[in-house]
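Structure, as structure tokens:
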Amino acid sequence: MKKHNKELSIADIEKLKGIRYEVDKEELKYALPYWYDKVRNKKIKDLSDGDLARCIRQDIFLEYIIPVVIERIKKNQQQVNYMKVNFSKNYLRLNLYIGKKP
């Protein structure tokens, strides 16, 4: 039985896509590798808004991340302002995904 996308973790998606995750312990001294290593085993639905924002900024599995972001926006209109501020570089991409023009 296939898991719903938001039930997948980043590690699950890596496996689906045939990506082998390896990290050098030295790399974990840096913020981005440390963060990625910390969140990759969480289900997408359990990622914080900040984690989702970072995934979008880093172009991490957007086809799985964006639907969760849209779902959260629909549930809480305050998220829209957060999205505009934090996803300014990717705002056009998000608008195109949900079918709106900026």
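Each value in this text was obtained by applying a stated rule to the coordinates, not by laboratory testing. A quick note: this is a predicted structure, and the numbers were derived from the prediction, not measured. For neighbour counting, all protein chains shown are included, and Cβ atoms are generated from backbone atoms with ideal geometry for every residue, glycine included.
For the reader, a short list of remarks on this structure follows.
- On the stretch given as the stretch 5-45, residues that are loosely packed, with under 10 Cβ neighbours inside 10 Å and within 16 Å of residue 67 (Cβ to Cβ) total 0.
- The one condition from (1) farther than 19 Å from residue 7 by Cβ; (2) over 14 Å from the mean Cα position of the chain (by Cα); (3) not in a helix (DSSP H, G or I) that residue 59 does not meet is (2).
- For the stretch 23-62, a residue qualifies if it is on the phi > 0 side of the Ramachandran plot and touching a Ser or Thr at 6+ places or on another chain (Cβ under 9 Å), but none of them does.
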